[in-house]
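Below is one structure; the comments refer to it alone.
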Amino acid sequence: MPSIQVAGHTIRNPTQSIRDYLSAHERTIKDFDLVAGSSPGVLTPELVTASRVLSSRITMAEQRWLVEVQVGAPWELVSLADRFPDADASQVGGLYDRANVLWSYFWEDRPKGFATAKLSKILFLMRPKCYPIVDSHITRRYRSQVKTLKPVVFAARPELVGKDNLTWEAYRLDLVGATPALAAVREGLRKGTPLERSIANYVSDLRLFDMLAW
């Protein structure tokens, strides 16, 4: 079984690591992962509720704000089929930029206390192949990789300087590198329990990688 790198840390048996995650978080799989993408054009109160299964801690006031403001969200910029590995930060006008526009729609006028982790989980539920689940823990883990990436990406795209910490890009590069190993993980899960088979057949490589990163 090939190993997988997550922020410089080697996971030598990723299949077992994901099996351990599934065993410890069965409710998360059923009530969060398996409903992701079920309402691609409308963020429903039910989906916001699903985010709490993953400890989003979204308040009722924040839920009302989300359900109200999402009506004007540019959901069409990112489709259900769009994949995070294709969101290359160096590509002007590509998926990375479009995903950032949708992110910024919610981010710019967010209520106090509504931070990265909450929005990541909401946008994952709407576009589960495109938005990684990022919080302060993931940001800290990728700090060194981001520092290395900055001169390369900012040289190609100086307009991003001061506007982007490139955590997404560092995370994406690890995911791209992990793709062959994740294919092997998926095949292993298909031979496992009904829950493992459901995950193997339903979730994206991005979410499998998320399980390892978290």
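Mind counting the residues in region 6-23 that are within 21 Å of ASN201 (Cβ to Cβ) and either among the small types (Gly, Ala, Ser) or touching a residue at least 40 places away in the same chain (Cβ under 8 Å) (or both)? Spell out the reasoning first.
In the first step, residues of region 6-23 are kept if they are within 21 Å of ASN201 (Cβ to Cβ); the result is 14-23.
Filter again for either among the small types (Gly, Ala, Ser) or touching a residue at least 40 places away in the same chain (Cβ under 8 Å) (or both), leaving 14-15, 17-19, 21-23.
Within region 6-23, residues that are within 21 Å of ASN201 (Cβ to Cβ) and either among the small types (Gly, Ala, Ser) or touching a residue at least 40 places away in the same chain (Cβ under 8 Å) (or both) number 8.
Looking only at region 136-176, which residues are surrounded by fewer than 17 Cβ atoms within 10 Å (Cβ to Cβ), in contact with a helix residue (DSSP H, G or I) (Cβ under 7 Å, 6 or more places away or on another chain), within 23 Å of PRO14 (Cβ to Cβ) and without any contact (Cβ under 8 Å) to a residue 40 or more places away in the chain?
Hit for region 136-176 is THR139, nothing else.
Hey, among ARG140, ARG207, which residue is part of a helix (DSSP H, G or I), basic (Lys, Arg) and in contact with a Lys or Arg (Cβ under 9 Å, 6 or more places away or on another chain)? Working first, answer last.
Details: ARG140 fails: in contact with a Lys or Arg (Cβ under 9 Å, 6 or more places away or on another chain).
Every option except ARG207 fails the conditions.
Any chance region 27-37 includes a residue that's out of contact with any helix residue (DSSP H, G or I) (no Cβ under 6 Å at 6 or more places or on another chain), of a type outside the set (Lys, Arg) and farther than 30 Å from ALA184 by Cβ?
no
If you go through region 1-43 one residue at a time, how many are open to solvent by 30 Å² or more (accessible area, probe 1.4 Å), in contact with a Phe, Trp or Tyr (Cβ under 7 Å, 6 or more places away or on another chain) and farther than 17 Å from TYR131 by Cα?
0
Assuming ALA170 fulfils every condition listed in (1) modelled with pLDDT of 95 or more; (2) in a loop (DSSP other than H, G, I, E, B) apart from one, which condition is it?
Condition (2) is where ALA170 drops out.
As an exercise: evaluate SER120 against (1) in a helix (DSSP H, G or I); (2) of a type in the set (S, T, N, Q); (3) open to solvent by 30 Å² or more (accessible area, probe 1.4 Å); (4) in contact with an Asp or Glu (Cβ under 8 Å, 6 or more places away or on another chain) and give the number of the one condition it does not meet.
Answer for SER120: the failing condition is (3).
Checking SER55 against (1) open to solvent by 60 Å² or more (accessible area, probe 1.4 Å); (2) touching a residue at least 24 places away in the same chain (Cβ under 8 Å); (3) under 16 Å from the mean Cα position of the chain (by Cα): exactly one of these is not met. Which one?
Failing condition for SER55: (2).
The values are calculated or read from the model by the stated rules, or taken from the named source; none is laboratory data. This one's a predicted model, so the numbers in the text were calculated from it and none came from an experiment. Reconstructed Cβ throughout: ideal geometry from the backbone, glycine too, with neighbour counts over all protein chains shown. Quick note on the areas: whole protein, heavy atoms, side chains included, nothing else; ligands and nucleic acids left out. Shrake-Rupley method; radii C 1.70, N 1.55, O 1.52, S 1.80 Å.
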